[in-house]
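Computed from the coordinates by the stated procedures, all read-outs in this text should not be read as laboratory data. No experiment lies behind these values; they were computed from the predicted model shown. No Cβ is skipped: glycine too gets one built from the backbone with ideal geometry, and neighbour counts run over all protein chains shown.
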Amino acid sequence: ARRVIIDTDPGVDDALAILLASGSPQLKLEGLSIAFGNGKDIAALGSNAKLILRLAGLATTPVSLGAEPTTCTDDEVGAVVQREGMAKTLVHGEDHMGNVSAQYGKDASDRTGFHELAAPEFIYQLCKRHPREITLVCIGPLHNLASALHAHPDLPELLREVVIMGGAFGERRGNRTPSAEANFFDDPEAAQAVLTAGFEHLVLAGLDITHQTDMLVLRKACVESGSALSQFVWDLCENFINVYHDWGETLAPAHDTIPIMYLLRPDLFEGQRVRVEVETKGDITRGMSIADWKGQWQKPKNCTVLRRITDGDEFCREFVRAISRLPDF
Ligand code: BDR
Ligand code: CA
């Protein structure tokens with residue numbers, strides 16, 4: 001099986017991604033690293049991760065807590081906390097798990113049991129142990145990977161592949177701002193550092209492809225399959241779906257499931273090699289991802305951008321198959 005680390009800020013769609021990976025024998029989940037995604041309270045996100053792993057029957061899989069944004073001062077962290085707090089609480093719920101974590105046994109006071117190494121070092125050490133075997137899936141802001149790269153410039157040669165949910169490459173330029181997707185907006189310097197680090201195999205799933213999935217469809221199919229975790233999946237998604245509905249969207253994108261599905265079923269995706277960079281300075285474009293489709297920058301291509309899901313029904317069936325393999329908790 002392919003060794004995978006998921007760097008995540010769980011997160012409703014993060015939870016779906018982790019369950020998808022957990023139920024797929026083609027992947028071996030080596031650990032989760034937690035990205036600063038919802039305030040300074042990274043341990044709360046870490047315990048969400050532990051809850052998801054427990055529900056997936058993988059309670060012994062290590063969870064490592066992450067670093068704070070790479071380039072922020074304390075004041076700026078405060079600002080990020082406030083800004084993120086508002087947007088993310090709305091979509092992901094007060095507990096970042098659709099407000100259902102207590103009901104499924106999360107003990108909010110339990111803030112222990114994390115791996116002794118902080119996320120950047122945790123990632124690096126696993127890569128050292130299994131050179132060119134680890135695939136890193138990033139479904140939160142990118143400061144953990146950026147910090148690891150900063151400390152260990154040899155990391156790109158040690159990783160097998162990096163698959164990221166971040167950015168936007170179609171008409172829809174952003175969700176956090178009109179020009180920026182949330183994961184890139186939350187640490188644009190980190191996103192730019194990752195994109196320009198010289199990875200041989202780097203794949204990006206932006207908003208234009210994540211909006212080709214629909215949480216409503218996925219959770220309905222799970223319930224129809226009668227699998228052990230389908231009630232959890234149903235409850236988890238409820239708030240997220242309602243918020244997207246209130247925003248006038250016709251679907252609720254299961255953003256973070258895409259990188260995992262890409263590893264499982266690359267045949268379900270069309271992608272394009274291209275040069276991508278991230279704006280770090282612009283007043284109104286900070287965090288914006290730009291793909292140089294025509295090669296006007298005359299810089300080498302640095303990633304593959306996923307553009308299209310070729311078979312949405314099969315995507316859904318693969319998702320349900322994985323969830324169905326998970327044991328009753
Ligand atoms: C990204 O932002 C988060 O809220 C989601 O989990 C996903 O990783 C989508 O822009
Ligand atoms: Ca996420």
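For segment 155-251, chymotrypsin sites (Phe, Trp or Tyr not before Pro) meeting the loop criterion (DSSP other than H, G, I, E, B) and having at most 12 other Cβ atoms within 10 Å: TRP247. Karplus-derived 3J(HN,Hα) values for segment 18-29, using 6.51 cos²θ - 1.76 cosθ + 1.60 with θ = phi - 60°, are 5, 5, 4, 5, 4, x, 10, x, 5, 10, 10, 6 Hz; glycine and proline are entered as x. Taking amide H as placed 1.01 Å from N in the peptide plane, the amide H of VAL163 sits under 5 Å from that of LEU136, VAL137, CYS138, VAL203, each at least 5 places away or on another chain. Between amide H atoms placed 1.01 Å from N, distances below 5 Å from THR280 occur with GLY287, all of them 5 or more places distant or on a separate chain. Couplings 3J(HN,Hα) of segment 194-202, computed from phi: 5, 5, 9, 7, x, 5, 6, 10, 10 Hz, in residue order, whole Hz [Karplus 6.51 cos²θ - 1.76 cosθ + 1.60, θ = phi - 60°; x for Gly and Pro]. Shape summary of segment 202-329, radius of gyration then Dmax from alpha carbon positions: 17.3, 53 Å. The distance between label points at ARG129 and GLU116 comes to 1.3 nm (points 7 Å beyond Cα on the Cα→Cβ vector).
Only Cα pairs within less than 10 Å get springs; with that Gaussian network setup on the chain, which residue of PRO62, PRO178, PRO253 has the largest fluctuation? Highest fluctuation of the listed residues: PRO178. The value obtained for the chain, namely the Cα convex hull volume divided by the number of residues, is 123 Å³ per residue. Out of segment 168-226, which GluC sites (Glu not before Pro) are coil in DSSP terms and have no more than 14 other C-beta atoms within 10 Å? Sites meeting the loop and neighbour criteria: GLU171, GLU200. Test of the criteria: in segment 101-196, which trypsin sites (Lys or Arg not before Pro) are in a DSSP loop and have at most 16 other Cβ atoms within 10 angstrom of their Cβ? Filter output for segment 101-196: ARG111, ARG132, ARG172.
For segment 205-221, putting each phi into the Karplus relation 6.51 cos²θ - 1.76 cosθ + 1.60 with θ = phi - 60° gives couplings of 10, x, 4, 5, 8, 5, 7, 9, 10, 9, 4, 4, 5, 5, 6, 5, 5 Hz, in residue order, rounded to whole numbers and with x for Gly and Pro. Remark on SER33: its backbone amide H falls under 5 Å from those of ILE6, ASP7, THR8, SER64, a criterion applied only to residues 5 or more positions apart or on other chains, H modelled at 1.01 Å from N. The count of lysine pairs in the chain that are at least 8 places apart or cross chains, and whose C-alpha atoms lie under 27 Å apart, stands at 20. Extension gain for ASP246 to GLU224 (0.36 nm times residue separation, less C-alpha to C-alpha distance): 5.4 nm.
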